[in-house]
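The values are calculated or read from the model by the stated rules, or taken from the named source; none is laboratory data. Predicted model, so just to flag it, every value in this text is computed and none were measured. Cβ: placed from backbone, ideal geometry, glycine included. Neighbour counts: every protein chain shown.
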Amino acid sequence: MKWHKYFALCGICAPIFFTILILILGLTAPEYNYTSQFISELGEQGSDFENIISISLIIYGIFIFFFGIGLFKKMKNKKIAWTIPVLISLFALFAVIGSGFFPCDQACELRNSTGKTHKILNVIGFTALTFVPIATYLSIKNDPNWKRLKTFSFIIQIVGLAAFIIFIIEIKPFIGLFQRMHLGIYYIWIEVMAIRLLLLK
């Protein structure tokens, strides 16, 4: 199997793995609320799942990082396409792997330096993720291997940006819901792009 297909599998597996993990852990935490609580609160400092979430985030981030590299390698317009792995890497290294090393404090209330670092890393990472689809659209619009997905990427950019704005407003008690909506939109994009990458020769 060619190397880019392994990177594609990283993109396919990462969102599925993390989504299933969060669903299972959330169901086993009786006081956890998917609608009103951040995903990070499942692995907050001192929680029963802190180590599990931290390790999983590091693995998940590594997979997403390699997926970004795979996309770049199979795109022809390298003058623009280089922005894709950069933005994906910022998300993977800051919001995902960074969160593994710097979990949020209790209820993500930013009461200590680790919690504050967690917040800063997530702001950087999620902002970078938000603009990956438009970078992709500009990179693939004339690429025969990818041009069928240019409209898809453009739509994801518009919907994803709207979801990001709603998420950062932090409307209570729907913070968790809006975070999941934002991530879910980009998980769909990652899955579609990863499957296409897998099918390329």
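Go through (1) modelled with pLDDT of 95 or more; (2) small (Gly, Ala, Ser); (3) under 26 Å from residue 38 (Cα atoms) and name the single condition residue 135 misses.
Single failed check for residue 135: (3).
Please verify whether residue 46 is farther than 23 Å from residue 170 by Cα and either of a type outside the set (Ser, Thr, Tyr) or in contact with a helix residue (DSSP H, G or I) (Cβ under 6 Å, 6 or more places away or on another chain) (or both), treating the condition exactly as stated.
Yes; evaluated as a whole, the condition is true for this residue.
Among the candidates 28, 19, which residue alone is modelled with pLDDT of 95 or more, surrounded by fewer than 20 Cβ atoms within 10 Å (Cβ to Cβ), of a type in the set (S, T, N, Q) and at negative phi?
19
With the requirement that a residue be more than 22 Å from residue 96 (Cα to Cα), without any contact (Cβ under 8 Å) to a residue 24 or more places away in the chain and not aliphatic (A, V, I, L, M), what does region 149-188 give you?
Of everything in region 149-188, those that are more than 22 Å from residue 96 (Cα to Cα), without any contact (Cβ under 8 Å) to a residue 24 or more places away in the chain and not aliphatic (A, V, I, L, M) turn out to be 150, 151, 154.
Mind counting the residues in region 178-191 that are among the aliphatic types (A, V, I, L, M) and surrounded by fewer than 17 Cβ atoms within 10 Å (Cβ to Cβ)?
The total comes to 1.
Among what's in region 63-79 and is among the basic types (Lys, Arg) and assigned to a helix (DSSP H, G or I), pick the residue that is surrounded by the most Cβ atoms within 10 Å (Cβ to Cβ).
73
Among the residues of region 99-108, are any acidic (Asp, Glu), under 29 Å from residue 51 (Cβ atoms) and surrounded by fewer than 19 Cβ atoms within 10 Å (Cβ to Cβ)?
Within region 99-108, none of the residues are acidic (Asp, Glu), under 29 Å from residue 51 (Cβ atoms) and surrounded by fewer than 19 Cβ atoms within 10 Å (Cβ to Cβ).
Kindly check whether there is at least one residue in region 52-59 that is free of Cβ contacts under 8 Å to residues at least 60 places away in the same chain, among the hydroxyl-bearing types (Ser, Thr, Tyr), surrounded by 21 or more Cβ atoms within 10 Å (Cβ to Cβ) and under 20 Å from residue 94 (Cβ atoms).
No, region 52-59 has no match at all.
Output the number of the condition that residue 45 fails; it satisfies all remaining conditions of (1) surrounded by fewer than 18 Cβ atoms within 10 Å (Cβ to Cβ); (2) under 28 Å from residue 194 (Cα atoms).
If we test residue 45 against (1) surrounded by fewer than 18 Cβ atoms within 10 Å (Cβ to Cβ); (2) under 28 Å from residue 194 (Cα atoms), just (2) comes out false.
Can you spot a residue in region 13-32 that is over 24 Å from residue 181 (Cβ atoms), part of a helix (DSSP H, G or I), in contact (Cβ under 8 Å) with a residue 24 or more places away in the chain and over 12 Å from the mean Cα position of the chain (by Cα)?
The answer is no; no qualifying residue exists.
For region 49-62, which positions are of a type outside the set (S, T, N, Q) and part of a helix (DSSP H, G or I)?
The answer is 50, 52, 53, 55, 57, 58, 59, 60, 61, 62.
Taking the condition under 21 Å from residue 188 (Cα atoms) and either of a type outside the set (S, T, N, Q) or over 13 Å from the mean Cα position of the chain (by Cα) (or both), does residue 10 pass?
Yes, satisfied.
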